[in-house]
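No value in this document is a laboratory result; all are computed from the given coordinates. Because the structure is predicted, anything quoted here is derived from the model rather than measured. Quick reminder, even Gly has a Cβ in these numbers, built from the backbone with ideal geometry, and neighbours come from all protein chains shown.
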Amino acid sequence: MSWTKKAVSLGTLWTLLIAGGFAIGNLSVSAAQQAQQQSQPGAQASAPVEAPLTEQELIKLVKKEKKDPQKIAQQVQARGVDFEFTPDIEKKLTKAGASEQLVTYMKQFTPAARAARKANGSGPQVSAEEAEAYNKLKDEKVPEAVIKDADDFAQKFPKSALLTYVYALEASAYQQKNDAANVVKYGEKSLDLDSKNLISLLMVSSVLPQPQMLNNVSDAEKEKRLNAAADYAQKALAEIDQLPKQPKETDAAYQKRKDQIAAGAYASLGMVHLERSRMALEGLDQDELAKAEENYKTAISKSETPNAADYYRLGEVYAGENKLADAINAFTKAGQLAQGTIIQQLADQQIQALKKAQQSQPKAAAKP
């Protein structure tokens, strides 16, 4: 099969992660910026050049600029605030026109938050020029343009704190071009800079165990790649488990959001075990197939919109386990989810072959 199984899309991941106030390394992605900047990582503030905003000054600023939250965020980032947030203050800010997301963002700049950052060492700084270049890059829709802009960014800002996200965007662009080797290359460059970059962990773990990355390589190299994919997937699951809960997000919604992201990691583990089963010297390794079945079923159960590719691979697993009826059902579901695509064509072929195999099987003897 030449098609690349895609995990949750990069855009969807940004949305799911930011919905919970996801912090990218030491760079905060604020929900306020999400509304205007569509997931732009925001730099931490350096020492304010003006006195921190008082409670009354902040309320006045919110009332004046409530139609342009970005201006509020920029002022707070630049100056900080001279008070800690209390429920009463949050209520006043909300009444003045601040969204819940903006209030959450502003909490990063209280005296306690600034002191904590100072104690842990100063966070990375992002210049206006870097931010502008990054915004241009992330707003690009054409993969070739993303790749060019990402390469230009890396050359111009080789030490930028944003570079791990730039490489993640470049890996995603190559994923759109079905270029598996470069997805892994730039995904791993992203992870070299930030080993906890969840988006890169998910992308690389989903692509590394695919057949196009394992064909024409030695068994030793194949096992190395499968081990790396499994390691990335497990790290992704660990990071997903630590995702922060959004204020007022219900337990059910929080779990649902984490499950949707985790589905891709479980599918990657399923692919790892499926490929390992094929490396057995004689036949298919049934223990590995059982692990693949468990992970694919978990991936499907955790996703609101299961991936057709996951059902297709589950069909392959069932076929290897000689569970022909289950395999037919899985391939049928894959075809229904991927109508008009190569997956549907391949699934239909598998179904035809499996039905012939069923017919050729000896019927069970009737009970006396």
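The table that follows gives values for the structure above.
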quantity	calculated
Shape of segment 240-301, Cα gyration tensor, a/c cut at 1.5	prolate
Mean separation of Cα contacts under 8 Å (6+ apart) over length of segment 228-296, as relative contact order %	32
Cα pair distances of segment 53-102 binned at 10 Å [whole percent]	28, 65, 7
Gyration tensor (alpha-carbon) shape descriptor, segment 244-348, a/c threshold 1.5	oblate
Rounded Å value of the spacing that divides the Cα centres of segment 223-253 and segment 260-312	16
Simple label model, 7 Å out from Cα along Cβ direction - Ala181 to Asp68, nm	4.9
Computed E for Ala154/Lys248 - FRET, C-beta separation, R0 30 angstrom, nearest 0.05	0.15
Rounded if a/c under 1.5, otherwise prolate or oblate - segment 111-267, Cα gyration tensor axes	oblate
Simple label model, 7 Å out from Cα along Cβ direction - Ala145 to Asn215, nm	3.2
Spin-label model distance (nm) - Glu84 vs Asn135, 7 Å beyond Cα toward Cβ	3.4
Long-range HN-HN contacts of Leu53 with modeled amide H, under 5 Å	Gly80, Val81, Asp82
Nearest-20 debye value, segment 209-331 charge dipole, Cβ charges on Lys, Arg, Asp, Glu	480
